[in-house]
Structures are given as C-alpha cells and as structure tokens.
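Down below is the structure, laid out as structure tokens.
Read-outs: derived from the displayed coordinates by stated rules, not from any lab. Because the structure is predicted, anything quoted here is derived from the model rather than measured. Here the Cβ positions follow ideal geometry from the backbone for every residue, glycine too, while neighbour counts run over all protein chains shown.
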Amino acid sequence: MSVEVAQVVIDCSDAEKLAGFWSQLLQRPVEPGANAFYALIPGSPALMLLAVPEAKQVKNRVHIDLRLAEGSGDSGWEGELGRILALGATQVSEHREHGVHWVCLRDPEGNEFDLAIGH
C-alpha cells in the first residue's frame, strides 16, 4: 500500500468565487456542483476549495508552486505573469536564487503561491 497526494485544499471565504480564479489560472474546469462552501478543480493534484469562517491572517505555511511548461522562456513567463495579475492576483515579491527565477503572488483572498521559471 502507498500514499499519494489526492488534492491540495485552499481555505477561503467563498469557494465558488475563488475556484473561478484558480480555474482560469490553471485553465482547468471547476467540477459541477460548486457553491459558496465547496468547489473542486479536478486534476493532478486536484484543488479543493473550502469555505471557513475565519479570515486569512498570516503567511501560508504551505503554498502552491507553479511553473511554465518547458520551452516557454522568459517572454512566455512575463506574459503568463501578466495574465495571472489580470485575473486578480497580486505580486508580493520577485526572486532569483540558486538558478531559479520566481515571483511570489497572492490569490484574490490572500493565499500565497509562486510562479517559477527554472528548476
């Protein structure tokens, strides 16, 4: 028997609304039946969005790292960053370390995630 990641869960105030952001960002559909309390974006791994009563208050201890497909290059990366910002994300910082270039972002509810180019 082995264990594998089934999904990543994102706490939020409105699951259906935030699922719309992540669905557009990942270009994957939201599973039918989404509502303000629960939404699922199938895939590997799936993203489950769950409404919780408390607001986000501190930096995430776990976050999602995104990367572009091989061969996208810096210009593809800049274009994708612009698309993500237009969807409602906010840029927090930009880094170049250990041969990797990445930008730290927040989704519309403040959950941190990274967009990286490199390894």
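Among Ile41, Ile64, the order by Cβ neighbours within 10 angstrom, fewest to most, reads Ile64, Ile41. Taking the Cα centre of the chain as origin and assigning +1 to Lys and Arg Cβ atoms and -1 to Asp and Glu Cβ atoms, the resulting dipole is close to 100 debye. Quick check for you: which residues of region 1-36 have the amide N under 12 Å from the point 7 Å beyond the Cα of Ala55 toward its beta carbon? The answer is 13, whose backbone nitrogens lie closer than 12 Å to the label point.
Near the amide H of Leu68, within less than 5 Å, lie the amide hydrogens of Ala116, all on another chain or at least 5 residues away, with H placed in the peptide plane. Summary value for region 63-119: 41 percent relative contact order, contacts being C-alpha pairs under 8 angstrom separated by 6+ residues. Using only the C-alpha atoms, the convex hull of region 63-119 corresponds to 73 Å³ per residue.
Residues whose amide H comes within less than 5 Å of that of Leu47, counting only those at least five positions distant or on another chain, are Val8, Ile41 (H built at 1.01 Å from N in the peptide plane).
A full extension of the chain between Asp65 and His95 corresponds to an added length of 9.4 nm, given 0.36 nm per residue minus the alpha carbon distance. The ellipsoid equivalent to the alpha-carbon distribution of the chain has semi-axes of 24, 17, 15 angstrom, derived from the gyration tensor eigenvalues as √(5λ) and listed largest first.
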